[in-house]
Amino acid sequence: MEQILDNSWQEGFKNTSHSCPKYRNGTPSLTTLYPECVNPVNEYFWTDELHPSSRVHKLLASQVKEVRF
């Protein structure tokens, strides 16, 4: 996860320090943008104060797959 955070801009994340409350209960798509959130959901690293976003989970799964197989 640190590697993703360290390369967050290269991965397309524009916000790695906060989450947007509007996105916490899910969104219709990975590119949903609610005006009060400033950035689309896929550009946030965190879903809330504790949980990484779905996009982070996908990147982590991809890294695990590369190491494991």
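The values are calculated or read from the model by the stated rules, or taken from the named source; none is laboratory data. Since this is a predicted model, take the numbers as computed values, not measurements. We place every Cβ from the backbone using ideal geometry, glycine too, and count neighbours over all the protein chains shown. These accessible areas exclude ligands, DNA and RNA; they are computed on the full protein's heavy atoms, side chains included. Shrake-Rupley method; radii C 1.70, N 1.55, O 1.52, S 1.80 Å.
Below is a table of values for the structure above.
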| item | result |
| --- | --- |
| Residues being without any contact (Cβ under 8 Å) to a residue 24 or more places away in the chain and polar (S, T, N, Q) - total across the range 29-52 | 3 |
| Among the residues listed as G12, G26, the single one being without any contact (Cβ under 8 Å) to a residue 12 or more places away in the chain, of a type outside the set (S, T, N, Q), assigned to a loop (DSSP other than H, G, I, E, B) and open to solvent by less than 50 Å² (accessible area, probe 1.4 Å) | G26 |
| Total residues in the range 29-55, condition surrounded by fewer than 18 Cβ atoms within 10 Å (Cβ to Cβ), more than 10 Å from the chain's Cα centre (by Cα) and outside any loop (DSSP other than H, G, I, E, B) | 2 |
